[in-house]
Amino acid sequence: MIRPGKVFLSILQEEFTEELLKGLAHEFHHAGALYWLNRNQKLKALKSSDEHARMLAEIFTYFVTEGLANWYFSLSRLKLLPDVENRMERIKRLEEEMPQLIKTTEQLLEWICEHHEPIEDIRALFNSLSMDTSGYGIPAGHFLSGRMVGIMDNSNVSREEIIELVKHPFNFFDLYNKVAPENIKLNAALLEKIRSKIEEWTE
């Protein structure tokens, strides 16, 4: 993993294969994205607010960083891995579950708007997306965020608008919703509530 100020040098012991280079590209993308995200004043304000605001900041950071990195650097590398059949089965299952993954994301956002307690419920739900329990290194949220970026990328949304999400992370869900198929759109009223919360918490 590579983060600003933190580079894990175990990569120097590895042979530079195509798979490894794509993995490095993924991690270096995170470092570049976080450079810009850490300079976003509204994101900073959320991180300095209460626990629910901090969770919202974490969710937007996650969807932007993992969405961009997985769509542009990682989803295409699945075919290069030795356990292709099992991993592709995982991808197929996640594709089928995408409407439910959208509902899980809506639940996360709804709980944040409602100041749901205990906060541990929100953390546990977020972890169910962001942490992998399948053994194949594909957390559901990595898949979901990557496919959301893919839907944008395969639409009339410009590549520049997508890349600019590292500077304007709060546009992520709105930009996705503009071009997403009806059955996997996020609730528009909920996104409006989120926009209001962001303004309230960053005044």
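Please treat every number below as a calculation from the coordinates, not as lab data. Since we're looking at a predicted model, the values are computed, not measured. Counting neighbours? That spans all protein chains shown, and the Cβs are built from the backbone with ideal geometry, glycine included.
Structure summary
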| read-out | value |
| --- | --- |
| Formal net charge of residues neighbouring residue 99 (Cβ-Cβ distance under 11 Å; K, R +1; D, E -1) | -3 |
| Cross-link table 167/193; 47/197; 44/185, entries beyond 25 Å C-alpha to C-alpha | 44/185 |
| Simple label model, 7 Å out from Cα along Cβ direction - residue 192 to residue 116, nm | 2.2 |
